[in-house]
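Notes follow once the structure below has been shown.
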There are 2 protein chains.
Amino acid sequence: MTDATIEPPRVAVQAAIFSVRAGADHDELMIPLVRRTREPFLDQWALPGGWLGAEEGLEAAAGRTLAETTGLAPSWLEQLYTFDNTDRSPATRVVSVVYWALLRSDLVEAQRAAAGSPENVEWFPVESLPDLAFDHRPIVDYAVWRLRNKAGYSRIAAALLPDEFTLAELRGVYETVLGKRLDPSNFRRLLEGSEALVPTEVFRTGPHRPARVFRYNADVDLADLGPL
Amino acid sequence: MTDATIEPPRVAVQAAIFSVRAGADHDELMIPLVRRTREPFLDQWALPGGWLGAEEGLEAAAGRTLAETTGLAPSWLEQLYTFDNTDRSPATRVVSVVYWALLRSDLVEAQRAAAGSPENVEWFPVESLPDLAFDHRPIVDYAVWRLRNKAGYSRIAAALLPDEFTLAELRGVYETVLGKRLDPSNFRRLLEGSEALVPTEVFRTGPHRPARVFRYNADVDLADLGPL
DNA sequence: GCAAAAGTGTTTATGTTACACCCATGA
DNA sequence: TCATGGGTGTAACATAAACACTTTTGC
């Protein structure tokens, strides 16, 4: 236990970060990747991450990775799974604690417009990812599965939107995340029935009847309650 | 271990192991704990576990811990969560990858009868646990929550029973895990409707009408399908 | 026969899905 | 006035829960 001939496992933290971007006919679920600047997998795309600092908590390390990659704080952050890459370079044992996070789309857009993308960081639609380094592809797939799954029984998808939104905008996010169309009237009923939504007196206009703007009830935990 | 100012985090693996034991009027959910033989928390009860070996996978380490504690292989083994104990002894950073497991009750009983309990290992009902070392109490609570939750939408509770069982026995396990009574007729319908159960021609007698013995369909993944 | 659990059937409540329809706006 | 999405109502269907009732054994 004191001085080993083989290196003890090191702890890394990675993050699968999601946001939505408006697309041609439907929105897309996006994820930022980092181009590797060293071997192994030099120049390949990978999940952002790094080594766990000596005096840093796991979730703090995930938050730091997020800030370094996107310059933003997540509206949702949750541990995904811990992987061990026994098949990495043989001498280096790495245990990867992976988190997944949601970012508000408006903040992502604002940040891109203001600061430009950090070097070596690029957002990809999850439907068309490049080849990924290490075992990061199945990790992304698992994170997407978890997001979809959790969107089905909680209200976390709201973390992808600004504070105020119309029901159509919220429905669009759900449709993007779940990958299927939802009936507008049923969607409305489900959410109006819950305590989670608070109607405002603001309306958003367009080439149609004005849509009421809602905000979220801060008292309700996004992880709680609610089918769809 | 001595010359570094701050040690890099070390990786430990722990396991919350469940089995059921027949009680007076209802069965109990049991978990094995280990009495600590060193500081900190000397003589307190703790989850079984140990350091991750240099050439060992995470799940393998969890399986090893299980074998050392109970002498048995699990019928279910799944990663629970990864904790970091920043509040442990200040110099020692530990990242704990915790697994949870299910053991068949008949094998546990047989093992206890044959080999006796290993020294320093004792089974406790989850309803009346002693004080636990470290942050192990909330970890156990979370594992119980996860077991209950997963029992609600999968068939994993079957992993607590032998290959062959009556519907009443299976229902008893569900009632123990979920902590509530279930309607026998609805329970029967639900499971007979699924593909998971295969009826045998064997019947179990008692002071009542003989009950048909069932076995599990090996083709069906216990993690798939099924409410209740 | 009686108790006790196995096993069958039916009724009720609840929630999901589909879809018809009216409303209010910009162009 | 027309197209478009906002918003309301309702019927059809599937599922879960509650419970009455019959069957078969040991004693």
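Given charges of +1 on the Cβ of Lys and Arg and -1 on the Cβ of Asp and Glu, with all other atoms neutral, how large is the dipole of segment B:128-228 about its Cα centre, in debye to the nearest 20?
So the magnitude is around 400 debye.
Which angle from 0 to 90°, rounded to the nearest 10, does the C-alpha axis of helix B:58-70 make with the longest principal axis of chain B?
That works out to roughly 70 degrees.
Considering the dipole of segment A:10-151 built from charges on the beta carbon (Lys and Arg +1, Asp and Glu -1) around the Cα centre, which of A:Trp45, A:Gln111, A:Gly63 is farthest to its positive end?
Looking along the dipole axis, the top candidate is A:Gly63.
Show me, bin by bin at 5 Å from 0, the whole-percent P(r) of chain A based on Cα pairs.
Bins of 5 Å from zero give 1, 6, 13, 17, 18, 15, 11, 8, 5, 3, 2, 1, 0, 0, 0 percent of pairs.
I'd like the Karplus ³J(HN,Hα) series for segment B:139-147: coefficients 6.51, -1.76, 1.60, θ = phi - 60°, whole numbers in Hz, and an x wherever there's a Gly or Pro.
So the Karplus estimates, Gly and Pro as x, are 5, 4, 4, 5, 4, 5, 4, 5, 4 Hz.
If each DSSP helix of 4+ residues adds -39,500 (n - 2.57) and the sum is divided by the residues in chain B, what number results at 222 nm, nearest 500 deg cm²/dmol?
-9000 deg cm²/dmol
Ordered shortest first, which distances in nm separate the 7 Å Cα→C-beta label point of A:Glu175 from those of the other copies?
Label-point separations across copies, in nm and ascending: 4.9.
What number, in percent, do you get for the relative contact order of segment B:10-151 if the mean sequence gap of Cα pairs under 8 Å and at least 6 apart is divided by its residue count?
About 32 percent, as a whole number.
Provide the packing ranking of B:65-71, A:109-115, i.e. peptides ordered by the mean count of other C-beta atoms within 10 Å per residue, highest first.
B:65-71, A:109-115
How many percent of DSSP beta bridges within chain A run antiparallel, rounded to 5?
If we restrict to bridges inside chain A, about 75 percent are antiparallel.
Give me the net charge of B:Gly179's neighbourhood, meaning all other residues with Cβ under 10 Å from the Cβ of B:Gly179; Lys, Arg count +1, Asp, Glu -1.
Every neighbour counted, the sum reads +1.
Round to the nearest 10 and give me the degree value, 0 to 90, for the angle of helix A:105-115's Cα axis relative to the longest principal axis of chain A.
Compared with the principal axis, the helix lies near 60 degrees.
DSSP beta bridges in the protein assembly as shown, what fraction antiparallel, as a percent rounded to 5?
For the protein assembly as shown, the DSSP antiparallel bridge percentage is about 75.
In sequence order, what are the phi-derived ³J(HN,Hα) couplings for segment B:186-194 according to the Karplus relation 6.51 cos²θ - 1.76 cosθ + 1.60 with θ = phi - 60°, rounded to whole Hz, with x for glycine and proline?
5, 4, 4, 4, 4, 7, 5, x, 7
So which lysines can B:Lys180 reach, going by Cα to Cα under 23 Å and dropping same-chain residues fewer than 8 places off?
Cα-Cα hits under 23 Å: B:Lys150.
Distances from B:Ala46 to the same residue in each other copy, label points 7 Å out along Cα→Cβ, in nm, shortest first?
Going from nearest to farthest copy, the values are 3.3 nm.
Would you mind giving the mean number of other chain beta-carbons within 10 Å of the Cβ of each residue in A:53-64, as a whole number?
So the per-residue partner count for this stretch is 3.
If we count every other residue with Cβ under 11 angstrom of A:Val202's Cβ, Lys/Arg +1 and Asp/Glu -1, where does the sum land?
+1
Any chance you could give the angle, 0 to 90 degrees and rounded to 10, that helix A:167-178 forms with the longest Cα principal axis of chain A?
So the inclination is approximately 30 degrees.
State the extension gain, in nm to one decimal, for the chain segment bounded by A:Glu109 and A:Arg215, taking 0.36 nm per residue of separation less the distance between their alpha-carbons.
36.1 nm
No value in this document is a laboratory result; all are computed from the given coordinates. Predicted model only: the values in this text are computed from it and were never measured. Every residue, glycine among them, receives a Cβ derived from its backbone with ideal geometry; neighbour counts consider all protein chains shown.
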